[in-house]
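The values are calculated or read from the model by the stated rules, or taken from the named source; none is laboratory data. Source: prediction; values computed, not measured. No Cβ is skipped: glycine too gets one built from the backbone with ideal geometry, and neighbour counts run over all protein chains shown.
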Amino acid sequence: MNKRYTWRTFGHELVMLVLAAGFCLPLYILISVALKPNDQLFTKPWEFPAQPDWGNFSEAWGERTDPTLTQSLLSSAIITISAVVILIVTGSLCSYVLARRPGRLSNLLYVLFLLGIIVPFQLCIVPLYVGFRTAGITGTYLSMIILWVGVFMPLTVFLYTGFVRQLPRDYEESARVDGAGIFRIFFRVVFPLLRPVTGTVAIMTGLFIWNDFFASLVFLGGTQNATIPVAIYSFVGEYLTKWNLVFAVVIIALAPLVIFFVLAQKQMIRGFAGGIRG
Amino acid sequence: MATISLSSVGKVYPGGTRAVSDLNLDIEDGEFMVFVGPSGCGKTTALRMVAGLEDITEGTISIGDRVVNGVDPGKRDLAMVFQNYALYPHMSIFENIAFPLRARHMAKDEIRSRVERAAGLLGLTEYLRRKPRTLSGGQRQRVAMGRAIVREPQAFLMDEPLSNLDAKLRVQMRSEIANLQKELGITTVYVTHDQVEAMTMGRRIAVMRKGVLQQEGPPQNVYAHPANIFVAAFIGSPGMNFFEARVERCEASYQLHLRDQVLSLEPGVVRGRPSLEAFVGRCVGVGVRPENLALVDESSGSLRARVSRVEVLGAEALVYADIAAKAVVADEVIEAADSGEGDTRAPGSTGDEGEVTLIIRTDPSLEIDVGDRIPISVRQDRLHLFDIGTGMAIWT
C-alpha cells in the first residue's frame, strides 16, 4: 500500500464491488435462465448452463402469440418513439418560452406543470379510459401516445426549463443581432444546445414508456396493438410457464433500450449534472 | 458605415433601478469609441441599447439618419462581439462565421466566398472545419470578430471582448482589433472596464459612472484634462495622487497649505484659474500624476516626503513616499480606486495616521532606500485642482 492507495481506499473499493455484484445478480439470473435447457431450470437454478441453449431465443421468437412478438415490438417502438419525439419538440419549445419570458403568467404556468409531476397517473386511468372510449380511440396507438405525452409533459418541462434558465442568453442575443428570427434562433441555436437535457428526457421517458405494463394492459390488452411487456405476460401461463422462454423474450425486449442507453449515456449524465447545478 | 447618435438616452429597469441617465453622444462615421468605467456604471447597458437588446426608457438612438428606438436588433444592421464570444459550440468555425449570412438568406457561393475572405483576414482559414472548443482563447476571439466582419455591418459593438484572455494575449489582440477597425473603417463602439484598453484603442473615450457620462474626448485629452475627480482617479495607472490642501493668498499668487508644508503655485497655474480666488481659506483636492512628480536636489524640491516602499519595474521605478497631508476621501476617488487594475493602492490613501502616500514614477537607477527623506518637485503645469464639494476640476 502506497501513500495514495491506502487500506481505506481498498475498503471503499471492496464495498463498491460487492454492491455492483449485487446489482449484477438479477442480470446474471436473467441471462443464465434464458440460456438454460428445460431440464436444468429447476435442478440447477444458480448455475450458468455448461452448454448455453441459444435455441430458446428462436423458440420464443417463433412462439405463436397474438399479437406476434414482432408486432408487439413494433407497437412498443411506435408508441415510445412518437411519444418521446412529441415530448421533446413541444416540451422544449414550451420550456424555452417559460424560461425566457419573465412575468407572473410564466411562473404560474410553470408551477402548474410542477404540480403535474406529483399527481400519480394511475389515479386518472378510469376517467382517461372513459374519455378515450367516448372519443373512440381506446386500443389505438394514438390513445397511448396522448396518455404518455400528458403524463410526462410536466417532467419534461421541469427538466428543460431548469436547463434553459442556466443557458447564457448571449447565444440567442448574438443570433438576434445577426438577424435570425425566433424559430431559427430556437431550432438552429438553442435546441442543439439542449442536447444533454434532451438525452435525459429521452431516456427517462422512453425507458418508462417502453417498460410500462399497467397502462398498456388497461388500454391495449387484448388488441393487436399490445406492447412488448403485455406480450411477455402472455408467456406466463396459468398452469405452465416456460421461464427460459420468458427470460429470452425479456432480453429481446431489453436490447433496443440497452443500445439506446449506450449511445446516449454521455448526454444523459451531462443533462443530469446540468440539472443539479441549476 | 454610419454615425450613431444617442440623444438624452435613459434606461430605468422595471424595479426602478436607473442604469443610464441623459446620455448624449455622437459617434462619427468610422470612429472607434470606447465606453469605459467601473462595473455597474451603465456602459454595457448603453451598448445593449444601441444594439436593441435593451429597450430605452427615454431619448432617441439614431443609426445614420434612422431613429432605431423600436427597431428589432436584427434590422439595425449592427454586429456585436460578446464578452464570452457566444460562439455556437455545435457549429464548425465556418458555420459560426456564416451564421449571420445564412440568417439573411444569402446565396451559398456568396456565403462561402465571404467566410473565406474573413477567415483569411483573421488567419483562421485552416481552422474552418474545427469546432470552437478545439481553439485557443485568442482564436475564438478571432472567430467572434470574423462573425462580426463577415456581414460588413454599419457598426461593430464590442462588449468587453478581451476580458477572458490572459494579459499577454490581451495586449496582442488589442492592437489586432484596433488595426482591423482602422483597415475596415467601420464605426465601432467598444465597452471595457480596463482604462489601459480604452486609452490604447479608442480614438475617443467616454468615461461613465453610475449611469452618467462623466467626460468624453480623445484619450490623451481626458488623461491630461480630467473634468472631475472621478475621471482623474479612474484614468491612469498607477492612479493619480490626491491630497487635500488649503488655498491661501500670498501677495499676487496663491499657496497650497498641507499639514506642515507649503506649495507655492506658479503664476502660470494661477493665471489660468481666476476662480481659485473663491477657494481662498478653503480646502481643495490636489491631484498630480506619478510621472509629474520628480526626485530632485535638496535646493529645488518643493515638497519633502519619507520613502515607504520602492518598486523597481525594469524600465522605471515606483517610489512610494509619505507626506503629512489629509487624504481625499470622496466617493468618486474610492470607487475609481476600487475598480483599478494593477495599482493596489487607493489614490490618496493614507500611509500612517495623517499621512498620504504619493507614488512617484522615476528612473530605476536612482539609489533610494526605505526611510529616506526625499525632496520632490511638482510639475505645476500638470497640477490638477478639484472642488472637494462637487468633485469638479478647477480649470477656470
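You will find that of A:Thr138, A:Thr156, the residue that is of a type in the set (Ser, Thr, Tyr) and outside any helix (DSSP H, G or I) is A:Thr138 and no other.
When the residues of segment A:1-59 are filtered to those that are surrounded by 10 or more Cβ atoms within 10 Å (Cβ to Cβ) and of a type in the set (Lys, Arg), the one that is nearest to the chain's Cα centre (by Cα) is A:Lys36. Quick one: in segment A:163-219, which of the residues that are part of a loop (DSSP other than H, G, I, E, B) and not acidic (Asp, Glu) is farthest from the other protein chains (Cβ to nearest Cβ)? Filtering first and then ranking leaves A:Phe213. Checking each residue of segment B:65-75 against the condition of being surrounded by fewer than 23 Cβ atoms within 10 Å (Cβ to Cβ), among the basic types (Lys, Arg) and within 11 Å of chain A (Cβ to nearest Cβ) gives at least one match. From the list B:Val20, B:Val9, B:Val34, B:Val50, the lone residue that is within 14 Å of another protein chain (Cβ to nearest Cβ), surrounded by 19 or more Cβ atoms within 10 Å (Cβ to Cβ) and not in a loop (DSSP other than H, G, I, E, B) is B:Val50. Scanning segment B:97-124 for residues that are within 35 Å of the chain's Cα centre (by Cα), more than 10 Å from every other protein chain (Cβ to nearest Cβ) and at negative phi turns up B:Ile97, B:Ala98, B:Arg114, B:Val115, B:Glu116, B:Arg117, B:Ala118, B:Ala119, B:Gly120, B:Leu121, B:Leu122, B:Leu124. Each residue in segment A:246-269 was checked for being under 19 Å from A:Pro52 (Cα atoms) and modelled with pLDDT under 85, and 0 of them qualify. Residues in segment B:159-177: is at least one closer than 30 Å to B:Arg18 by Cβ, among the hydrophobic types (A, V, I, L, M, F, W, C) and away from chain A (no Cβ under 14 Å)? Yes, some residue in segment B:159-177 is closer than 30 Å to B:Arg18 by Cβ, among the hydrophobic types (A, V, I, L, M, F, W, C) and away from chain A (no Cβ under 14 Å).
Answer yes or no: is there a residue in segment B:252-272 that is at positive phi, free of Cβ contacts under 8 Å to residues at least 60 places away in the same chain and over 23 Å from the mean Cα position of the chain (by Cα). Within segment B:252-272, none of the residues are at positive phi, free of Cβ contacts under 8 Å to residues at least 60 places away in the same chain and over 23 Å from the mean Cα position of the chain (by Cα). Within segment B:213-229, the residues that satisfy the criterion of being touching a residue at least 40 places away in the same chain (Cβ under 8 Å) and surrounded by fewer than 17 Cβ atoms within 10 Å (Cβ to Cβ) are B:Ala224, B:His225. A count restricted to segment B:54-106 and to residues that are within 15 Å of A:Gly179 (Cβ to Cβ), in contact (Cβ under 8 Å) with a residue 24 or more places away in the chain, touching a strand residue (DSSP E or B) at 6+ places or on another chain (Cβ under 8 Å) and part of a loop (DSSP other than H, G, I, E, B) stands at 2. Suppose we keep only residues that are within 14 Å of chain A (Cβ to nearest Cβ) and closer than 12 Å to B:Gly10 by Cα within segment B:53-64. Which one would you say is surrounded by the most Cβ atoms within 10 Å (Cβ to Cβ)? Filtering first and then ranking leaves B:Glu54.
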